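Only one structure is covered here, and it is reproduced in the block below.
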Amino acid sequence: MSTNGLPDEIPIPIKGITYQQIKVEKIPMSESYIQRDSSLIPTASRTVSLNPCRTCMPLGAMFATLGVHRGLPFVQGAQGCTTYVRYTFCRIYKEPAIIANASFHEDASVFGGQKNFVTGIRNLVVRYKPDLIGVVTTCSSEIIGDDMTSFIKMAKKKIAKEIGEEEMEKTKIVLINTPSFAGSHVVGYDRASKAFLSTLAKEKTEPNNKINIIPGMMSPADIKEIKHLLEVMGVDNIVLFDTSDVFNTPLRPPMELPYYPKGGTKVEEIEDMANSMATFALSPHEGGAGAKFMEKKFGMQAIIGPFPMGVKNTDAFLKTVSQITGKPVPDELLDERGLLIDYMADTLNYTMQKKVAIFGDPDIVVGATRFACELGMEPVAVLSGTPSKIFNMQIEEIAKEYEVSPKIFNGSDLFEFEEYLKTIKLDIIFGNSKGVDIARELEVPLVRIGLMVWDRVGYQKRPVVGYRGGEFLLTEIVNSILDYRFPDDRTQQL
Ligand code: SF4
């Protein structure tokens with residue numbers, strides 16, 4: 001017993017697990033290394049998550065809303081549900097992210113968030129004059145049972161009385177239900193894609209000869225790369241949630257207040273999406289729901305995946321675009337493809353047979369697994385932090401094609417992943433900044449990919465998708481291998 005009356009080892013009141021048992025020791029082979037109880041290593045046998053590889057559902061919906069021109073997320077919940085997300089976006093992109101919040105305290109948690117919502121939306125419309133507000137619910141508002149559809153009607157009526165119907169109509173409001181206990185940020189973005197399209201897309205009028213792209217939570221550089229591919233092909237497009245000029249903006253004072261970045265998908269473009277030829281959801285788990293909605297509601301072809309990373313997946317994307325639009329893949333893109341293949345051949349001696357572990361959100365992990373195989377690497381473990389019904393099947397398909405057999409972790413945490421990696425031979429990890437400690441412990445390089453990269457500058461400015469993205473990523477991979485395999489004092493041996 002300690003002097004404050006608490007037992008020295010505080011038991012966690014669930015299934016008898018103690019802090020001592022789940023303590024994460026950072027130096028695995030040190031004298032104080034604690035051998036973990038093997039029965040607690042699988043995520044499924046624990047009621048706590050250790051080093052989770054996902055974050056909360058509203059984050060995905062906020063990301064999506066910020067990808068709309070003059071769009072503002074309004075979070076119906078406590079301030080923490082917003083602060084963490086704003087901090088995360090600023091940490092990743094080094095750009096401001098304006099997100100409003102209903103500021104739930106005890107009273108809202110007990111009596112419901114109607115008052116906070118109506119007042120908050122009124123302040124936003126009157127002071128910020130946004131083109132769109134994405135109303136993002138949270139665990140608390142969903143558990144209280146806030147009737148958000150009625151709240152939105154009430155708020156609109158009240159504001160219209162103050163500023164007039166016409167002014168009120170200038171701000172569209174989209175409701176995105178994101179109870180975080182029911183899924184991750186990946187699901188939040190996916191739900192947002194359906195919510196925006198079902199609220200805003202208007203009935204077909206006349207063809208616009210465009211294609212719709214729902215990229216998923218790609219970096220600004222990735223979205224620009226997709227637009228580059230389409231521009232070279234001469235294909236007009238509407239990118240839903242175009243964050244490319246939102247999370248990467250020029251600093252050009254003086255800036256008007258309220259400040260909105262110049263980028264983002266315009267509301268009129270979303271309204272026009274039913275007139276397009278097809279909808280491509282490049283990340284099946286992040287936007288697939290929106291593409292399926294467009295197919296069901298407007299009879300429009302939905303092309304779901306693959307994530308356009310590496311040669312084969314980029315080929316597949318361009319081939320389908322070509323089939324749908326009738327436009328051939330031009331020489332310029334064939335040259336880009338040729339340059340990537342040439343680069344792969346030039347560096348094969350470094351990448352061949354390297355054992356790689358890959359983790360992150362499901363779509364980028366599947367894309368990176370295929371690219372790793374194209375480079376002659378051997379994926380030995382892959383992890384999707386978000387549980388997925390198709391992840392295993394997608395990985396197994398690649399594994400069969402390239403005769404590799406990675407261990408698949410679906411919906412697991414990085415603690416379980418790390419414990420497995422300690423038992424096998426490994427040369428390199430592909431993943432986000434959450435893997436830094438794991439890579440250090442295992443003494444292998446970590447090549448950053450995915451959304452949560454905050455410990456590198458410039459990552460979001462270079463694509464990993466498309467042929468040119470493949471070149472950038474391959475540069476990172478090979479240089480990381482060189483740094484570890486051939487330190488400075490041995491470079492003359494190259
Ligand atoms: S998990 Fe729930 S309570 Fe926590 S930040 Fe996310 S929405 Fe808010």
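None of the figures in this text is laboratory data; all of them are computed from the coordinates on show. Since the structure is predicted, the reported quantities are computational estimates derived from the model, not experimental observations. Neighbour counts run over all protein chains shown; Cβ positions are idealised from the backbone, glycine included.
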- [ ] Only Lys, Arg, Asp and Glu count, each charged at its Cβ (+1, +1, -1, -1), so figure out the dipole size of the chain about its Cα centre, rounded to 20 debye.
- [x] 1100 debye
- [ ] Two decimals is fine: what is log10 I(q)/I(0) at q = 0.10 Å⁻¹ for region 380-494, from a Debye sum with one equal scatterer on every Cα and no solvent?
- [x] -0.35
Open item on the list: Using a 7 Å offset from the Cα along the Cα-to-Cβ direction at both residue 423 and residue 335, what is the distance between the two label points in nm, to one decimal?
Closed with: 5.1 nm
- [ ] Order the peptides 342-349, 232-239, 433-440 from the highest to the lowest mean number of other Cβ atoms within 10 Å of their residues.
- [x] 433-440, 232-239, 342-349
Task: Fraction of beta bridges assigned by DSSP in the chain that are antiparallel (%, nearest 5) - done: 5 percent
- [ ] With only Lys, Arg, Asp and Glu charged, each at its Cβ (+1 for the first two, -1 for the last two), find how big the charge dipole of region 57-183 is about the Cα centre; round to the nearest 20 debye.
- [x] 320 debye
TODO: Could you calculate the FRET efficiency of residue 115 with residue 87 from 1/(1 + (r/R0)^6), where r is the beta carbon distance between them and R0 is 25 Å, rounded to 0.05?
DONE: 0.40
Open item on the list: Can you show me the helix-derived [θ] at 222 nm for the chain, built from DSSP H runs with n ≥ 4 at -39,500 (n - 2.57) apiece and divided by the number of residues, rounded to the nearest 500.
Closed with: -13500 deg cm²/dmol
Task: Charge dipole magnitude, Cβ of K and R +1, D and E -1 - region 176-294, Cα centre, debye nearest 20 - done: 200 debye
Open item on the list: Take residue 457 and residue 158, extend 7 Å from each Cα along the Cα→Cβ direction, and tell me the distance between the two endpoints in nm.
Closed with: 4.5 nm
- [ ] Rank 460, 47, 478 by how far each Cα sits towards the positive end of the charge dipole of the chain (+1 on Lys, Arg Cβ; -1 on Asp, Glu Cβ) and give me just the farthest.
- [x] 47
Task: Proximal lysine pairs, region 57-183, alpha carbons under 30 Å, eight or more residues apart or interchain - done: 28
